[in-house]
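The values are calculated or read from the model by the stated rules, or taken from the named source; none is laboratory data. The shown structure was predicted, so the numbers you read here are calculated from the model rather than taken from an experiment. Cβ placement follows ideal geometry from the backbone for every residue including glycine, while neighbour counts extend to all protein chains displayed.
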Amino acid sequence: MTSDPMFAVRVNRRRRSAAGAVLAVLAMILAIGDASAGYADGVPAQRPDTAIASGADAGTRQAPDEIGGVTAIAAGWGHNLGLRPDGTVIAWGWSDSGQLGNGDHGWYQSETPVQVCAVGQTAPCTQFLTGVIAIAAGEFYSLALLRDRTVVAWGNNTTGQLGDGTTIDRLTPVRVCAVGQVAPCSQFLNAVRAVAAGFGHSMALLGNGSVVTWGGNSGALGDGTTIRRLTPVRVCAAGQIAPCAQYLYGVRHIDAGSGYSLAQLSSGGVLAWGYNRWGQLGDGTSDLFRLTPTRVCGVRRFEPCTQYLSLIRTIAAGTDHNLALQVDYTVISWGGEYYPEFRS
């Protein structure tokens, strides 16, 4: 059984909010032109439905005079992020958990972008986050990868998804702790190549091809347990059981779904771990959870699989289904079934 009691509640709410997030991003693309979601310079991303509450006009809350060019966008669940050419970040949408990062929160909706504050600031902020090269938006929280290859996070922190060693919501960015740290952290995660924000858990791909994760754990952290982690832990190698003696390496891309995780290997194969109710791990089983990585089966293969997905260019995780782009630029998908069944 998962150690995250809020997991089932979150799954239902995510399905309702998905359409709103997609529409918001499409509107932004129409307004600012084409952009590569999540990353600057064309690098691929490593990927509440009520009326607006009363309160101050969200459009006046530290909104930049002009948005200007945006090099990347990221859609969360009720909020969105934009990365500007100067390395600053803007955000808009719901701010009930501080996911806009402007030092404010409440049941209001910012209909125009606000600037994300710098680490350590409080509203009204006088300094703003800079040096950002990649962004990721999760369920009511946000991540940013900085030029120095460290990571900051802000917003909802119920399951420890901000990685600062606490479960305190953060209205402005905080630094993600290093592996093995406890709050208050004195060392911070570095040498990060990419980040991914899920639905209560977060991922980081390191420069050496290994992966670390933190936050809620229905198996999504891949450390062989269902223990919530408030700071990063290393993802185990495929086939390992806790306590793991070997760890995952050789990863090229990562993405985080609803209680599960994906990793594309440099070899072109794909691994998955975590929640599997809808067949989203693609291993041909009906197992509810996988606590460490398992290989995704080949197209139209079923358990026990003898052939596995290969020659993949990139991956994308949704709420309960996944997409993979093959080398011939065709797309395959799996998961999203009401009964666990691998489909392609």
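Points worth noting:
- Residue list for the stretch 280-289, restricted to those being surrounded by fewer than 24 Cβ atoms within 10 Å (Cβ to Cβ) and either modelled with pLDDT of 95 or more or in contact with a strand residue (DSSP E or B) (Cβ under 7 Å, 6 or more places away or on another chain) (or both): G284, F289
- The set of residues in the stretch 260-272 being touching a strand residue (DSSP E or B) at 6+ places or on another chain (Cβ under 7 Å), over 21 Å from A134 (Cβ atoms) and assigned to a loop (DSSP other than H, G, I, E, B) consists of G268, G269.
- When the stretch 215-228 is filtered for residues that are assigned to a loop (DSSP other than H, G, I, E, B) and at pLDDT 95 or above, the ones remaining, listed by number, are G216, N217, G219, A220, L221, G222, D223, G224, T225, T226, I227, R228.
- Selected residue [closer than 18 Å to N80 by Cβ and not hydrophobic (A, V, I, L, M, F, W, C)] from G207, G198, G160: G198
- Tally, over the stretch 320-344, of residues that are at pLDDT 90 or above, touching a Gly at 6+ places or on another chain (Cβ under 8 Å) and within 22 Å of A220 (Cα to Cα): 5
- Residue that is β-branched (V, I, T) and assigned to a loop (DSSP other than H, G, I, E, B), where the choices are V152, V174, V114, V179: V179
Condition check ((1) more than 27 Å from G200 (Cα to Cα); (2) part of a loop (DSSP other than H, G, I, E, B); (3) in the same structural domain as H253 (by TED's automatic domain parsing); (4) modelled with pLDDT of 95 or more) across all residues:
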position	(1), (2), (3), (4)
A63	yes, yes, no, no
L100	no, yes, no, yes
D104	no, yes, no, no
Q109	no, no, no, no
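- The one condition from (1) closer than 15 Å to I135 by Cβ; (2) modelled with pLDDT under 95 that I52 does not meet is (1).
- Candidate set: the stretch 123-139, residues that are within 21 Å of the chain's Cα centre (by Cα) and part of a loop (DSSP other than H, G, I, E, B); chosen: the one surrounded by the most Cβ atoms within 10 Å (Cβ to Cβ): E139
- Counted residues, the stretch 285-301 - those being in a strand (DSSP E or B) and basic (K, R): 2
- Selection from the stretch 229-257 of residues that are assigned to a loop (DSSP other than H, G, I, E, B) and either under 21 Å from T150 (Cβ atoms) or out of contact with any Phe, Trp or Tyr (no Cβ under 9 Å at 6 or more places or on another chain) (or both): V235, G239, I241, A242, P243, C244, A245, Q246, L248, Y249, G250
- Residue count for the stretch 158-171 under the criterion of being assigned to a loop (DSSP other than H, G, I, E, B) and under 19 Å from V192 (Cβ atoms): the result is 6.
- When residues of the stretch 71-122 are limited to those that are of a type in the set (A, V, I, L, M, F, W, C), farther than 14 Å from A153 by Cα and over 20 Å from the mean Cα position of the chain (by Cα), the one surrounded by the most Cβ atoms within 10 Å (Cβ to Cβ): V114
- Within this structure, G257 fails the test of being in the same structural domain as Y308 (by TED's automatic domain parsing), buried (at least 24 other Cβ atoms within 10 Å of the Cβ) and either touching a Pro at 6+ places or on another chain (Cβ under 7 Å) or over 23 Å from I135 (Cα atoms) (or both).
- R170 at pLDDT 95 or above, farther than 21 Å from L205 by Cα and more than 13 Å from the chain's Cα centre (by Cα): yes
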